[in-house]
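J.: Below: one structure in structure tokens.
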Amino acid sequence: MTAFRIGVIVGSLRKGSFNQKLANALQKLAPPDLELSLLRIDDLPLYNQDDDINQSASVKRLKKEIVESDGIIFVTPEYNRSIPGVLKNALDHASRPFGESAWAKKPAGVIGVSVGAIGTACAQQHLRTILAYLDMPTMGQPEAFLHLREGLFDDGSIGNLSKPFVQNWVNNYVVWVKKHASN
């Protein structure tokens, strides 16, 4: 059985991040043929086009990890009805210089959790617009705008009430990766 390497990017740097918890819980739901690994974005400098000709070691590392991945899962919080700056910074770095994007053709999944009633719906919509431009085939359904409620997490896993929904999302992403990774 061939394993698919999936990079997971969490758009939150906060200690105790709900989205980091979600990313860790997704690893437990992944089937054996999906290897999820967290990609670090907290050490990237702020994007500056002047640096395109001499990208930092952390940017080169991130781009290499993306290229070596068969797909990418974005686990994003919602800040002010959009994606966090740290996530946009990572997207910009790995897409540059022009014509050398590491993102192109990588099948993407988008998921997130928030204390707000609409989950991360607005952030995900903005992220999907960016991913379309970056030429990443992004799974459209099922959408997963998770509202943080008691019982969502249970000892580092997804709680029993939410597990079928999140497992369905993971299962659909596996199908999405298999469909697009061979292209």
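The values are calculated or read from the model by the stated rules, or taken from the named source; none is laboratory data. The model shown is predicted, which means the values in this text are computed figures rather than measured ones. In this analysis, Cβ positions are derived from the backbone assuming ideal geometry, glycine residues included, and neighbour counts consider all displayed protein chains.
J.: How about the range 72-128: which of its residues are closer than 11 Å to I9 by Cα and either surrounded by fewer than 16 Cβ atoms within 10 Å (Cβ to Cβ) or touching a Lys or Arg at 6+ places or on another chain (Cβ under 9 Å) (or both)?
T.: Scanning the range 72-128 gives I72, A108, V110.
J.: Would you check which residues across the range 23-48 are in a helix (DSSP H, G or I) and in contact with a helix residue (DSSP H, G or I) (Cβ under 9 Å, 6 or more places away or on another chain) and list them?
T.: Those that are in a helix (DSSP H, G or I) and in contact with a helix residue (DSSP H, G or I) (Cβ under 9 Å, 6 or more places away or on another chain): A25, L26, L29.
J.: Being in contact with a Pro (Cβ under 9 Å, 6 or more places away or on another chain), in contact (Cβ under 8 Å) with a residue 24 or more places away in the chain and polar (S, T, N, Q) narrows it down to one of S95, S114, S101, so name that one.
T.: Selected residue: S114, the only one of S95, S114, S101 that is in contact with a Pro (Cβ under 9 Å, 6 or more places away or on another chain), in contact (Cβ under 8 Å) with a residue 24 or more places away in the chain and polar (S, T, N, Q).
J.: Got a sec? Which of L91, L127 is in contact with a Ser or Thr (Cβ under 7 Å, 6 or more places away or on another chain) and either at pLDDT 95 or above or in a loop (DSSP other than H, G, I, E, B) (or both)?
T.: Among L91, L127, only L127 is in contact with a Ser or Thr (Cβ under 7 Å, 6 or more places away or on another chain) and either at pLDDT 95 or above or in a loop (DSSP other than H, G, I, E, B) (or both).
J.: Could you give every pair whose Cβ atoms fall below 6 Å, whose first residue belongs to the range 49-66 and is of a type in the set (G, A, S), and whose second residue is exposed (fewer than 13 other Cβ atoms within 10 Å of the Cβ), counting only separations of at least 6 or pairs across chains?
T.: S56/P45; S58/D43
J.: What residue, of Q27, Q55, is surrounded by 14 or more Cβ atoms within 10 Å (Cβ to Cβ) and over 21 Å from W103 (Cβ atoms)?
T.: One residue alone meets the criteria, Q27.
J.: Among the residues of the range 26-42, count how many are within 9 Å of F4 (Cα to Cα) and either in contact (Cβ under 8 Å) with a residue 40 or more places away in the chain or charged (D, E, K, R) (or both).
T.: Qualifying residue count for the region: 3.
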